[in-house]
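The values are calculated or read from the model by the stated rules, or taken from the named source; none is laboratory data. All of these numbers come straight from a predicted model, not from anything done at the bench. When we count neighbours, we look across all protein chains shown, and the Cβ atoms used for this are built from the backbone with ideal geometry, even at glycine. Areas reflect the complete protein model, heavy atoms only, side chains present, ligands, DNA and RNA absent. Shrake-Rupley method; radii C 1.70, N 1.55, O 1.52, S 1.80 Å.
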Amino acid sequence: MLVEETAILDKADRYIEMMQGKVNPEYRQGYHLMAPVGWINDPNGFVYFQGYYHLFYQYYPYDSKWGPMHWGHARSRDLVHWEELPVALAPDQVYDRGGCFSGSAIEKEGKLFLFYTGCQEVCGVVHQHQCLAVSSDGIHFTKFAANPIVAEAELGDYGAIQDFRDPKVIRHEERYYMVVATKTADSRGRIVMFESEDLFQWRFFSVLLEGTAEQGIMWECPDLFSLDGRDVLIMSPIQIQQQGLEYHNISSTVAWIGEVDWETGKMQVANFHEIDFGMDFYAPQTTEDSQGRRIMVAWMQMWDRTLPTHDLGHQWAGSMTLPRELRVKKDRLVQKPVSTVYSQLIYQQGTENIQVGETPVAFRNALSDQTYLHLVADLSHGEVFQIGLMSSAKEALQLTYDVFSETFEMNRENFGRPLIGSEKVPVNSRKVKVPLIDGQLVLEIFRDTSSLEIFINGLEVMTGTFYEVVKGRDLVFSGVGDMRILALETAAIKEAQDN
């Protein structure tokens, strides 16, 4: 490892240690992965290696806003309890002095290979190119002396060198493939692939998929994998146009499902759809673990949005979602909470057979900062079913199911600190179409200090952040029609790291 590289990494680790105890914990999560201090965004290098799940992430330790990107690093045995590790990568070489941007990890012959985008200005033009670092212990990494390994020469005319990033490296049969995001000359998203036999020498292979003008001006963070007999490409389009209830955020996440022709390197798409219908979900990345599960985690935030923890000087911003297990059913990506989280539940209360109508039904002090809620409601004779979460005398975060339109809504308007983004209309409420199952609505809700993840009838997910000013603890049900709560359980969730 170069002396300069060691010095810059050591500087970051010393700063993080110095700032321990100086971070304001008011809105810090209890069981979601966060950086110890500073800014966090995309998950990177999600991999199972030597008995641990390793998760790296885009990181700027010195401020609670985006800056020259480092790679933060944590590991876990169970995807719930995370151990913070030293910073893995820092922008310390000529080819990555503008930042070590997003990428992936893969194991080969007992070593861990990190692939990331280095950013460098050349003659007034920003160049993004793909770089490599290698580790034997999964903690300390040495950058490859011949970096960058995929650059302008390999890309050729198949993309824009200014927007050429986020390598995801996979193995198919006897070869390795690098899936990278770029864009066309007329600003349409494009995913390209390169191939290699040894992870060091790469050549252009194909244009895997290309978007239309309506599908975003740039695609980011691609991830390609096979699951349940289908090929799945997930990626994050910038400024994809709204279509019905989908793609209301300034940047979105999409799953493309179909089949890759490995002779031509092109993907035939059977279906595509938004992955999460909330307000704060971006740049998901997946890994396959030793049990053969496909697990996904994402940045639980959105670009160009108000960040109260930064504005208030709390010295941190951003966190990761709860890891989710994936399946493909009827050419749709289906998510469920990672199973190990259930071992962290401490049962609090349960009830059955509660009639709900226009007169509110309230459960006082039912919600703590870390709460799991499981609900089964019979809405077969109802019209509108409403849930007030974190309810106080002045406000509540509202969930609504409309039986006739079969839509579920999350609404954080007028709740907590205002959250405003760069969208023309502020996105503080969203809807998703989810049919009832035998007339029933089944919800799993994971509330952390400043976030909410809602799993709806095992089909769709909504993720959102919020920042309470007045703590609300009540849970309130109301609606129109004759409805019944068949089962309601709440549980506390153990905190999973020292925040």
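For residue 234, the stated conditions do not hold, so it cannot be described as touching a Phe, Trp or Tyr at 6+ places or on another chain (Cβ under 7 Å) and closer than 29 Å to residue 411 by Cβ.
If we keep just the residues of region 156-211 that are farther than 14 Å from residue 238 by Cβ and among the acidic types (Asp, Glu), which is modelled with the lowest pLDDT? Among residues in region 156-211 that are farther than 14 Å from residue 238 by Cβ and among the acidic types (Asp, Glu), the one modelled with the lowest pLDDT is 174. Can you give me the number of residues within region 235-268 that are of a type outside the set (Ser, Thr, Tyr) and open to solvent by 60 Å² or more (accessible area, probe 1.4 Å)? Qualifying residue count, region 235-268: 11.
Looking at residue 109, is it at pLDDT 95 or above, closer than 21 Å to residue 177 by Cα, acidic (Asp, Glu) and out of contact with any His (no Cβ under 7 Å at 6 or more places or on another chain)? Taking the combined requirement at face value, the residue satisfies it.
Within region 446-499, being out of contact with any Asp or Glu (no Cβ under 6 Å at 6 or more places or on another chain), within 26 Å of residue 436 (Cα to Cα) and of a type in the set (Phe, Trp, Tyr) holds for one residue alone: 477.
Residue-level check: of (1) open to solvent by less than 10 Å² (accessible area, probe 1.4 Å); (2) touching a helix residue (DSSP H, G or I) at 6+ places or on another chain (Cβ under 8 Å), residue 494 misses just (1).
A single entry from 476, 461 fulfils the requirement of being among the hydrophobic types (A, V, I, L, M, F, W, C), over 27 Å from residue 338 (Cα atoms) and touching a residue at least 40 places away in the same chain (Cβ under 8 Å): 476. Of the set (1) open to solvent by 40 Å² or more (accessible area, probe 1.4 Å); (2) under 26 Å from residue 86 (Cβ atoms), all apply to residue 104 but (1).
Residues in region 12-53 that are more than 22 Å from residue 319 (Cα to Cα) and either under 15 Å from the mean Cα position of the chain (by Cα) or touching a residue at least 60 places away in the same chain (Cβ under 8 Å) (or both): 49, 50. If we scan region 23-39, do we find a residue that is crowded, with 18+ Cβ neighbours inside 10 Å, of a type outside the set (Ser, Thr, Tyr), in a strand (DSSP E or B) and in contact with a strand residue (DSSP E or B) (Cβ under 9 Å, 6 or more places away or on another chain)? Yes: one or more hits. Hey, could you check region 57-87 for residues that are touching a Phe, Trp or Tyr at 6+ places or on another chain (Cβ under 6 Å) and within 20 Å of residue 339 (Cα to Cα) and say which is most open to solvent (accessible area, probe 1.4 Å)? Of everything passing the filter in region 57-87, 75 is most open to solvent (accessible area, probe 1.4 Å). Selection of strands (runs of 3 or more DSSP E) fully inside region 192-277 by the criterion of at least 3 residues being in contact with a Gly (Cβ under 8 Å, 6 or more places away or on another chain) and over 24 Å from residue 163 (Cβ atoms) returns 266-274. Specify which of the listed residues (331, 311) is over 19 Å from the mean Cα position of the chain (by Cα) and free of Cβ contacts under 8 Å to residues at least 24 places away in the same chain. Only one candidate passes the filter, namely 311. When 458, 464, 472 are screened for being modelled with pLDDT under 95 and either in contact with a Gly (Cβ under 9 Å, 6 or more places away or on another chain) or under 27 Å from residue 30 (Cα atoms) (or both), only 472 passes. So, in region 107-124, of the ones that are in contact with a Gly (Cβ under 9 Å, 6 or more places away or on another chain) and not charged (D, E, K, R), which residue ends up farthest from residue 47 (Cα to Cα)? Filtering first and then ranking leaves 120.
Quick check on residue 158: is it open to solvent by 10 Å² or more (accessible area, probe 1.4 Å), aromatic (Phe, Trp, Tyr), in contact with a Phe, Trp or Tyr (Cβ under 8 Å, 6 or more places away or on another chain) and in a strand (DSSP E or B)? No. Close contacts from region 200-227, counting a first residue that is closer than 20 Å to residue 100 by Cβ and open to solvent by less than 50 Å² (accessible area, probe 1.4 Å) and a second that is in a loop (DSSP other than H, G, I, E, B) and at pLDDT 95 or above, with Cβ to Cβ under 6 Å and a gap of 6+ residues or different chains, come to 202/149.
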